[in-house]
Protein chains: 6
Amino acid sequence: MIYLTRRERFNAAHRMYREDWDDRRNMDFYGKCSNPNWHGHNYELFVTVKGEPDPETGILINLKEVSTIIRERITVKLDHKNINLEVPFMKGKIASTENLVRAIWKELDPDFSALGIHLHAVKIKESENNFIEYFGE
Amino acid sequence: MIYLTRRERFNAAHRMYREDWDDRRNMDFYGKCSNPNWHGHNYELFVTVKGEPDPETGILINLKEVSTIIRERITVKLDHKNINLEVPFMKGKIASTENLVRAIWKELDPDFSALGIHLHAVKIKESENNFIEYFGE
Amino acid sequence: MIYLTRRERFNAAHRMYREDWDDRRNMDFYGKCSNPNWHGHNYELFVTVKGEPDPETGILINLKEVSTIIRERITVKLDHKNINLEVPFMKGKIASTENLVRAIWKELDPDFSALGIHLHAVKIKESENNFIEYFGE
Amino acid sequence: MIYLTRRERFNAAHRMYREDWDDRRNMDFYGKCSNPNWHGHNYELFVTVKGEPDPETGILINLKEVSTIIRERITVKLDHKNINLEVPFMKGKIASTENLVRAIWKELDPDFSALGIHLHAVKIKESENNFIEYFGE
Amino acid sequence: MIYLTRRERFNAAHRMYREDWDDRRNMDFYGKCSNPNWHGHNYELFVTVKGEPDPETGILINLKEVSTIIRERITVKLDHKNINLEVPFMKGKIASTENLVRAIWKELDPDFSALGIHLHAVKIKESENNFIEYFGE
Amino acid sequence: MIYLTRRERFNAAHRMYREDWDDRRNMDFYGKCSNPNWHGHNYELFVTVKGEPDPETGILINLKEVSTIIRERITVKLDHKNINLEVPFMKGKIASTENLVRAIWKELDPDFSALGIHLHAVKIKESENNFIEYFGE
């Protein structure tokens, strides 16, 4: 079993808040991350897939194919966007990194499954000091 | 002459646009950076000062002092903010990194001059692939 | 289950040695890491916690809370200190990174447990080429 | 149980191809990585071993010993070499990173076993965007 | 005056040697970098341009335009190539980084001049420990 | 004119203090960096030399030669040492990075001059947030 990880990047704006809380309550709970005028990040997304390499070709999956899936399904919808307002798979969800990794998993899983590859991990590095990982359960 | 550089960081939202251009013209010129719903970055700010170290203490300036000046004058006003809407020293300016380094220079220069230290460079790294530097003229 | 990792940093001096061995035997076994005049590192500490995010708030735990726990319990006691001489939770222990990750686990575990969060991993990067991880057992 | 990771580096040339396919078919399948004139990388190799630290010495294994094993068994044979043409443990194999991590595991495992240490992971970072891991099964 | 730097990357094979020296003399002088079977690197290319930002748009030059020039003129010709055998602007030259930065300068200078922008520096990072810079004279 | 930079690393302990000040005054001025029990860093040293590459060989100077000079003159004397107590070229000097870059310049300059190469810069990165540069005057 081989684990292959691909990094892709996107820059986005977001705000941590619940619509049914007023700004004050949101600021009390989420702190400066709840600024109503938004803030943003350079997000790094790490997608790990696993499986047995094909003995004939020596590879698990073409890296370009992995990159294309991640870009088409995920980063083109996030890059230079507002995560709260514009990202289809985040509609109705709080724009936390915790929710983001799970939403990305759900988007990517069918495509990799269709290729006979198992999605193993989705990791997002929001800053050099913070990252979140999800392993599908 | 010794050159001392301090890195500080801030996360912010911004949008590239001119108010007197409509969204379409802004998008045509600035591309996805002009998204009306904003996007954002993890900005890295590098401030370089220069001077002769004090022979008695062996140092040019206390690093904590440099950090405090940059935080109070600059990063507290930028971190988790919207550069277009909320940053006093960027009011009325296009939120480009080119304008940001020059505005930061103008904010920092008097404080370092008052300490007998010369500001040498202000550099902002907007992403791992792009950075802008300004040397005061 | 979501895994959240926070990085904190500290600079410290240490020396690898057993008190009941003389300097020569220590140097023979530990090499230059046993220099009686000490040496030091910029240590990077990565603490990973895991759990189910709160559906109401979308987050596992406030990052600021994680950072505060790590700083108060760990890094304030290690930063700019001598690990052999000054760190309460390392008293009587050889100042190896192997012992450090286990001691840090023991310090942090009760605080996270009290919050209903599981400590998953403690990792210390001693240099760009070496790191040590501990998963609690 | 403690996990210790050592990073070593090597620069090498390689080409993705099957000898029994012509250049065109290789290029169709492997893309630019199959350039018959070779290309190359700065590879980063991360080797993770695990075990119980010796209570007397406080360490799992001397880092210098780990480094020496990796250098003698692996990197001296890969550094500034052509992976397809010159590396004994890659003879007859497609020069993929998937094959490389498994071959390196096979080379390193006996040496660490002989020391009573378990090899846990072999990871190769081929670029800042791609890495491959193998855990021995 | 604003300095803008763009990073682009390419992976390539090369060999340090003079055609009129035999392999032995080349190996004696260039060491393992002269391996006749090639080796390779992940090269990082940093291109710095300078000028006065346009007061109307707030920017010096569109980053996408900078990236396009570098990719079309330089990296598409170097990426996944053999620097000695396949790169038009390195024909007849020793494949040193010293020669590479100067050749890249010569390729890029006319394009930036045509845009009224001054090329300031070409820097190549061959590994995390080595880089070469050229400022045009 | 080509600028070539080589990075070397060392780990060391140090303490900021003047012998003729008591601990209290030292702590007041230098803060936690004056801890009498020492602290330490992973220092990164960047040495930049400049000159005209030899047209016959295409290189400015062999990188291995640069590395050897830096290691023999500098890092072997600093690595895993106490900068205040054990480093010949820092005897009688306050162990500041400002003093360190100037002392390193003085050590390296004759060796590079003897090779007809100009020393251009000595830079020390003490942490990811702080670095000091010296250009010889």
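Observations, loosely collected:
- Residue check for B:GLU8: open to solvent by 30 Å² or more (accessible area, probe 1.4 Å), within 30 Å of A:ILE124 (Cβ to Cβ) and within 14 Å of chain A (Cβ to nearest Cβ): no
- Residues (among the small types (Gly, Ala, Ser) and over 19 Å from the mean Cα position of the chain (by Cα)) located in the stretch D:23-64: D:GLY31, D:SER34, D:GLY51, D:GLY58
- Scan the stretch D:106-137 for residues that are away from chain A (no Cβ under 11 Å) and either of a type in the set (D, E, K, R) or outside any strand (DSSP E or B) (or both) and the total you get is 12.
- Number of the condition not met by B:ILE94 [criteria: (1) touching a Ser or Thr at 6+ places or on another chain (Cβ under 8 Å); (2) closer than 24 Å to B:CYS33 by Cα; (3) part of a strand (DSSP E or B)]: (3)
- Residue count for the stretch B:12-29 satisfying the condition of being open to solvent by 30 Å² or more (accessible area, probe 1.4 Å) and under 16 Å from E:GLY58 (Cβ atoms): 8.
- Selection within the stretch B:99-131 - open to solvent by less than 10 Å² (accessible area, probe 1.4 Å) and without any contact (Cβ under 8 Å) to a residue 60 or more places away in the chain: B:LEU100, B:VAL101, B:ALA103, B:ILE104
- Output for the stretch E:70-88, where each listed residue is more than 20 Å from E:PHE131 (Cβ to Cβ) and either aromatic (Phe, Trp, Tyr) or open to solvent by 20 Å² or more (accessible area, probe 1.4 Å) (or both): E:ARG71, E:GLU72, E:ARG73, E:VAL76, E:LYS77, E:LYS81, E:ASN84, E:LEU85, E:GLU86, E:PRO88
- Selection from the stretch A:40-54 of residues that are over 27 Å from B:ASN35 (Cβ atoms), touching a residue at least 24 places away in the same chain (Cβ under 8 Å) and not small (Gly, Ala, Ser): A:THR48, A:VAL49, A:LYS50, A:GLU52, A:PRO53
- The set of residues in the stretch B:60-91 that are outside any helix (DSSP H, G or I), among the polar types (S, T, N, Q) and without any contact (Cβ under 8 Å) to a residue 12 or more places away in the chain contains only B:ASN62.
- Hey, F:GLU56 open to solvent by 10 Å² or more (accessible area, probe 1.4 Å), out of contact with any Asp or Glu (no Cβ under 6 Å at 6 or more places or on another chain) and at the interface with another protein chain (Cβ under 9 Å from one of its Cβ atoms) or not: yes
- In summary, E:LYS32 fulfils each of the numbered conditions (1) open to solvent by 30 Å² or more (accessible area, probe 1.4 Å); (2) in a loop (DSSP other than H, G, I, E, B) with the single exception of condition (2).
- Looking only at the stretch B:89-98, and only at residues there that are touching a helix residue (DSSP H, G or I) at 6+ places or on another chain (Cβ under 8 Å) and open to solvent by 10 Å² or more (accessible area, probe 1.4 Å), the one that is nearest to the other protein chains (Cβ to nearest Cβ): B:LYS93
- Given (1) in contact with a Gly (Cβ under 7 Å, 6 or more places away or on another chain); (2) farther than 30 Å from B:ARG15 by Cβ; (3) not polar (S, T, N, Q), index of the condition E:GLU107 fails: (1)
- Conditions (1) hydrophobic (A, V, I, L, M, F, W, C); (2) under 20 Å from C:ALA13 (Cα atoms); (3) open to solvent by less than 30 Å² (accessible area, probe 1.4 Å): number failed by C:VAL66: (2)
- E:ILE61 at the interface with another protein chain (Cβ under 9 Å from one of its Cβ atoms), aliphatic (A, V, I, L, M) and surrounded by fewer than 22 Cβ atoms within 10 Å (Cβ to Cβ): no
- Summed over the stretch F:35-59, residues that are over 24 Å from C:ARG15 (Cα atoms) and not in a loop (DSSP other than H, G, I, E, B) total 6.
- Scanning the stretch E:11-39 for residues that are more than 14 Å from chain D (Cβ to nearest Cβ) and in contact (Cβ under 8 Å) with a residue 40 or more places away in the chain returns a single hit, E:ARG18.
The values are calculated or read from the model by the stated rules, or taken from the named source; none is laboratory data. Being a predicted model, the structure only gives us computed values, none of them experimental. Because the Cβ atoms are built from the backbone with ideal geometry, glycine has one as well, and the counts that use them run over all protein chains shown. These accessible areas exclude ligands, DNA and RNA; they are computed on the full protein's heavy atoms, side chains included. Shrake-Rupley method; radii C 1.70, N 1.55, O 1.52, S 1.80 Å.
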